[in-house]
Amino acid sequence: MPETREKVYAYRWVVLAVFALANLAIQVLWICYAPISSIAVEYYGVSQLQVGMLAMVFMIVYVPISIPVSWLIDTLGYRKAVSIGVVMLGVFGLLRAFFASNFGLVMAATVGLGLAQPFLLNAVSTVAGRWFPIQERATASGLALVASFIGIAIGQVTSPILALRYGIPTMAMIFGILAAVSAALFLVFTRDAPLTPPCPADQTERALVLDGLKSMLKMEDIWLLLYAFLVGMGIFNGVSTWIAAITEPKGFSPTQAGDLGALLLIGGIVGAVIIPALSDHLRQRKPFLLLGVGLSIPCLIGIIYAQPYWSVAVFMFLMGFFLNSLAPIGYQYAAEITFPAPEGTSNGLLNLAGQCSVVFIYAMEFMKGRDGSFTISLWMLSGLMLVGCLLLLRMHESKLIRQAAQE
């Protein structure tokens, strides 16, 4: 019988590009009402909390359906399962635009978008595993996540401009068209898998979903990584949410606070490109996970005590750089150490931990000092991150990446 050889196709970048564009679009639709909450309150005649729910519903919906969606991705295959999500993205994105003047219908369409999100978030490791050799997979995951960060930045920057200049319905229509176009491009250009796998056969065969989930939940390294994701996403989401309140005691204006939030995102984008690429190049995962967790701690402490605007800006950028590099490397590390469990299952489990970090947002508000400062909660998060750093020292390096390094 002829020997089946692995082959890496240039088309993998097209598959990754249309997947990344869909991720960008869903993040724009997630965040776009947050920067215009005061405008939306006045336009719809609802409370600030109700407008806030347009963003929070994504996290609320995600928790119960994450594992079932991962099962669908691993059972139906990458193309069929993610196509369900992108169709929902396009349809509900346009429906939210068509009925943008009715808050109840906007909320209903947003729930539909929240149902679409896990099909995209939970497939990051799957597209990397199907199309990329092991020495490129953290980089591929990083680029998909970079698209998500860019989507958040686009939503934060453009939604106030569009809403103030043209009104909320026009803003919603522009973003709805973006969702529909990204969905159409995905459906036209994506493929389930290459004709020839990009790596040896013993790195592609996967176990059944439930068997894989049972085996990974028995692994200490997965629980350590889940803790790191929970705390890391808690810090990122908490600081992003309360950045204006955190910096107000320093005398910074809302505009400066917004700029600091943008620097946090920009740092994350740069870190999600550079650090996973280094991890792939050096064929190591654990040192870079420790680097991301360990160096985030002094950055967070710097944000607490730094006073000049430029110094807070530097710490904010660096925290985004190191903190957000955890996600793509973590996704790939989990896919490697849980092999032959399906990639979508490990990806979904990590995202589930990340979404549960919404509890940190409420905890930070609850622990706020009488003077309105977040010093106590930020120190608590620093302590939890230090515990995470110590726990990750117990973690074992991926056998698959060690094997690739030896080859």
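With respect to being modelled with pLDDT under 85 and either under 25 Å from LEU265 (Cα atoms) or more than 18 Å from the chain's Cα centre (by Cα) (or both), LYS7 fits the description.
Among the residues of region 121-137, are any modelled with pLDDT under 90 and among the basic types (Lys, Arg)? Yes: one or more hits. A search for C-beta distances below 6 Å between a residue of region 386-400 that is assigned to a helix (DSSP H, G or I) and any residue that is among the small types (Gly, Ala, Ser) and surrounded by 15 or more Cβ atoms within 10 Å (Cβ to Cβ), counting only pairs 6+ apart in sequence or on different chains, returns GLY388/ALA228; CYS389/GLY294.
Look at GLY112 and say whether it is more than 26 Å from ARG12 (Cα to Cα), without any contact (Cβ under 8 Å) to a residue 60 or more places away in the chain, in a helix (DSSP H, G or I) and within 20 Å of the chain's Cα centre (by Cα). Judged against the criteria, GLY112 is a match. Restrict the check to region 168-185 and report whether at least one residue is closer than 25 Å to ASN324 by Cα and hydroxyl-bearing (Ser, Thr, Tyr). Within region 168-185, one or more residues are closer than 25 Å to ASN324 by Cα and hydroxyl-bearing (Ser, Thr, Tyr).
Restricting attention to region 304-337, the residues that are crowded, with 24+ Cβ neighbours inside 10 Å and of a type outside the set (Phe, Trp, Tyr) total 15. When each of ILE154, ILE161 is tested for being assigned by TED's automatic domain parsing to the domain that holds LEU29, free of Cβ contacts under 8 Å to residues at least 60 places away in the same chain and of a type in the set (A, V, I, L, M, F, W, C), the lone residue that passes is ILE161.
Only one entry of PHE98, PHE132, PHE119 meets the criterion of being out of contact with any Phe, Trp or Tyr (no Cβ under 9 Å at 6 or more places or on another chain), touching a residue at least 60 places away in the same chain (Cβ under 8 Å) and crowded, with 24+ Cβ neighbours inside 10 Å, and that entry is PHE132. Inside region 360-378, residues that are surrounded by 13 or more Cβ atoms within 10 Å (Cβ to Cβ) and under 24 Å from the mean Cα position of the chain (by Cα) make up a count of 7.
Does TYR44 satisfy the criteria of being over 16 Å from the mean Cα position of the chain (by Cα), buried (at least 16 other Cβ atoms within 10 Å of the Cβ) and in contact (Cβ under 8 Å) with a residue 40 or more places away in the chain? So TYR44 fits the description; yes. Check whether at least one residue in region 358-372 is in a helix (DSSP H, G or I), of a type in the set (Asp, Glu) and farther than 11 Å from ILE235 by Cβ, and report yes or no. Looking for residues that are in a helix (DSSP H, G or I), of a type in the set (Asp, Glu) and farther than 11 Å from ILE235 by Cβ, one finds at least one in region 358-372, hence yes. Would you confirm whether or not region 4-22 contains a residue that is in contact (Cβ under 8 Å) with a residue 60 or more places away in the chain, of a type in the set (Ser, Thr, Tyr) and touching a Pro at 6+ places or on another chain (Cβ under 6 Å)? Scanning region 4-22 turns up at least one residue that is in contact (Cβ under 8 Å) with a residue 60 or more places away in the chain, of a type in the set (Ser, Thr, Tyr) and touching a Pro at 6+ places or on another chain (Cβ under 6 Å). GLY294 fulfils the conditions (1) over 20 Å from LEU260 (Cβ atoms); (2) buried (at least 24 other Cβ atoms within 10 Å of the Cβ) except for a single criterion, (2). In region 210-264, the residue that is farthest from PHE339 (Cα to Cα) out of those that are modelled with pLDDT under 70 and crowded, with 20+ Cβ neighbours inside 10 Å is LEU213. Considering region 282-330, and only residues there that are hydroxyl-bearing (Ser, Thr, Tyr) and within 20 Å of the chain's Cα centre (by Cα), the residue that is nearest to VAL124 (Cα to Cα) turns out to be SER325.
The values are calculated or read from the model by the stated rules, or taken from the named source; none is laboratory data. Predicted model, so just to flag it, every value in this text is computed and none were measured. Every residue, glycine as well, gets a Cβ built from its backbone with ideal geometry; the counts of neighbours run over all protein chains shown.
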